[in-house]
1. For the range 75-153, which strands (runs of 3 or more DSSP E) that fit wholly inside it have 3 or more residues that are closer than 21 Å to residue 14 by Cβ?
2. For the range 58-71, check the following and say yes or no: at least one residue is surrounded by fewer than 22 Cβ atoms within 10 Å (Cβ to Cβ) and within 20 Å of residue 151 (Cα to Cα).
3. Answer yes or no as to whether residue 41 is under 13 Å from the mean Cα position of the chain (by Cα) and assigned to a loop (DSSP other than H, G, I, E, B).
4. Yes or no: residue 70 outside any loop (DSSP other than H, G, I, E, B), touching a residue at least 60 places away in the same chain (Cβ under 8 Å) and within 18 Å of residue 4 (Cβ to Cβ)?
5. Among residues belonging to the range 26-42 that are in contact with a strand residue (DSSP E or B) (Cβ under 9 Å, 6 or more places away or on another chain) and free of Cβ contacts under 8 Å to residues at least 60 places away in the same chain, point out the one that is farthest from residue 108 (Cα to Cα).
6. With the requirement that a residue be part of a helix (DSSP H, G or I) and surrounded by 15 or more Cβ atoms within 10 Å (Cβ to Cβ), what does the range 1-23 give you?
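We did not get these values from a lab; they are worked out from the coordinates using the rules stated. For clarity, every value in this text was computed on a predicted model and none was experimentally measured. Note that each Cβ is placed from the backbone with ideal geometry, even for glycine, and that neighbours are counted across all protein chains shown.
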């Protein structure tokens, strides 16, 4: 059973999970820097109040996943920095995290959620499509992503 708690993205245990996500993305995409000048911004300021949030999921008090929300200029939200620790994969943790982020988005008053993923993450894209995210045009100018999805909440 997962328990989700709000935690700033730059504080532990979220910071360690975010670093794990950064390391994995850099390995998958040949050194990609998520803080690069042409990448969409998703730092602690964007992923915190009033328009955003960041959560960590725990299994038996062990942090196993994280993800956040940020407000977009048009009033929709974007799901960012979803990550599941390797030891927790294959058990539905990512889907539970996505559902929790959608719930929190509704609680913050959002009626539309958007997200993206890259060409070397087909399992993520499949999960998003199965969760009801429909393909849309590039909404955030992410130069690496190839799937951009949107879902009415």
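1. Details: elements: 77-84, 112-117, 147-152.
Fully inside the range 75-153 and qualifying: 77-84, 112-117.
2. We begin by selecting, within the range 58-71, every residue surrounded by fewer than 22 Cβ atoms within 10 Å (Cβ to Cβ); these are 58-63, 71.
Keeping just the survivors that are within 20 Å of residue 151 (Cα to Cα) gives 71.
Yes, there is a match, as at least one residue in the range 58-71 is surrounded by fewer than 22 Cβ atoms within 10 Å (Cβ to Cβ) and within 20 Å of residue 151 (Cα to Cα).
3. Values: under 13 Å from the mean Cα position of the chain (by Cα): yes; assigned to a loop (DSSP other than H, G, I, E, B): yes.
Criteria met by residue 41.
4. Numbers: outside any loop (DSSP other than H, G, I, E, B): yes; touching a residue at least 60 places away in the same chain (Cβ under 8 Å): no; within 18 Å of residue 4 (Cβ to Cβ): yes.
For residue 70, the condition - outside any loop (DSSP other than H, G, I, E, B), touching a residue at least 60 places away in the same chain (Cβ under 8 Å) and within 18 Å of residue 4 (Cβ to Cβ) - is not met.
5. This residue is 34.
6. Keep residues of the range 1-23 that are part of a helix (DSSP H, G or I), which gives 14-23.
Scanning the range 1-23 gives 14, 15, 17, 18, 20, 21, 22.
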